[in-house]
1. Any chance you could get the radius of gyration and Dmax over the Cα atoms of the chain, in Å?
2. How much length is gained if the chain between SER124 and LYS43 is pulled fully straight, taking 0.36 nm per residue apart and subtracting their Cα-Cα distance, in nm to one decimal?
3. What does the highest-first list of 80-87, 9-16 look like by mean Cβ count within 10 Å?
4. So what is the relative contact order of the chain, in percent, for Cα pairs below 8 Å that sit 6 or more residues apart?
5. May I ask for the equivalent-ellipsoid semi-axes of region 19-72, computed as the square root of five times each C-alpha gyration tensor eigenvalue and listed largest first in whole Å?
6. LYS87: which lysines have alpha carbons under 22 Å from its alpha carbon, excluding same-chain residues fewer than 8 sequence positions away?
7. Distance from a point 7 Å along Cα→Cβ of VAL57 to each backbone N in region 72-87: keep the residues under 12 Å and list them by number.
8. Express the carbon and sulfur contribution to the solvent-accessible surface of region 13-124 as a percent, rounded to the nearest whole number, probe 1.4 angstrom.
Amino acid sequence: QVQLVESGGGLVQAGGSLRLSCVASGRTFSNYAMGWFRQAPGKEREFVVFISWSGGVTYYADSVKGRFTISRDNAKNTVYLQMNSLKPADTAVYYCAARTLSAYSTLASEYDYWGQGTQVTVSS
């Protein structure tokens with residue numbers, strides 16, 4: 001089992017920045033690829049970004065490419081999501097997720113462990 005706890009969400013004006021963190025506990029963090037997803041009210045959970053276990057491979061949704069940056073520190077069991085140039089459309093609950101398999105995936109169903117989420121609200 002892996003437990004994931006997100007933090008860093010909040011209220012920010014459009015154009016602002018936030019950095020989300022996701023701390024893992026339980027099994028060896030570096031064994032897992034990680035992803036961030038988000039879910040806005042009334043919408044399905046959507047893929048935001050993927051990072052491989054080593055941090056060497058990343059994939060971003062087109063909607064956040066160039067604005068968001070994912071990174072991980074395996075020594076601290078933490079994955080980060082730096083979000084810049086935020087837009088009202090980025091408003092959602094953000095979830096980090098761990099994937100046992102190393103291959104890239106955008107599908108929420110292919111991630112094995114989930115955090116409880118952190119709310120990000122971007123005002124116009």
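The values are calculated or read from the model by the stated rules, or taken from the named source; none is laboratory data. Here the structure is a predicted model, which is why all the values come from computation and not from measurement. Quick reminder, even Gly has a Cβ in these numbers, built from the backbone with ideal geometry, and neighbours come from all protein chains shown. With ligands, DNA and RNA removed, areas are computed over all heavy atoms of the protein, side chains included. Shrake-Rupley method; radii C 1.70, N 1.55, O 1.52, S 1.80 Å.
1. 13.3, 41
2. Details: separation 81, 0.36 × 81 = 29.16 nm, distance 2.00 nm.
Using 0.36 nm per residue and subtracting the Cα-Cα distance, I get 27.2 nm.
3. Answer by packing, highest mean first, reads 80-87, 9-16.
4. Details: 311 pairs, mean separation 45.1, N = 124.
Result for the chain is 36 percent.
5. On the way: eigenvalues 87, 43, 18 Å².
Values for region 19-72, descending: 21, 15, 9 Å.
6. Excluding near neighbours in sequence, the set is LYS43, LYS65.
7. In region 72-87, the label zone of VAL57 (backbone N under 12 Å from the point 7 Å along Cα→Cβ) covers no residue.
8. Accessible surface attributable to carbon and sulfur in region 13-124 totals 47 percent.
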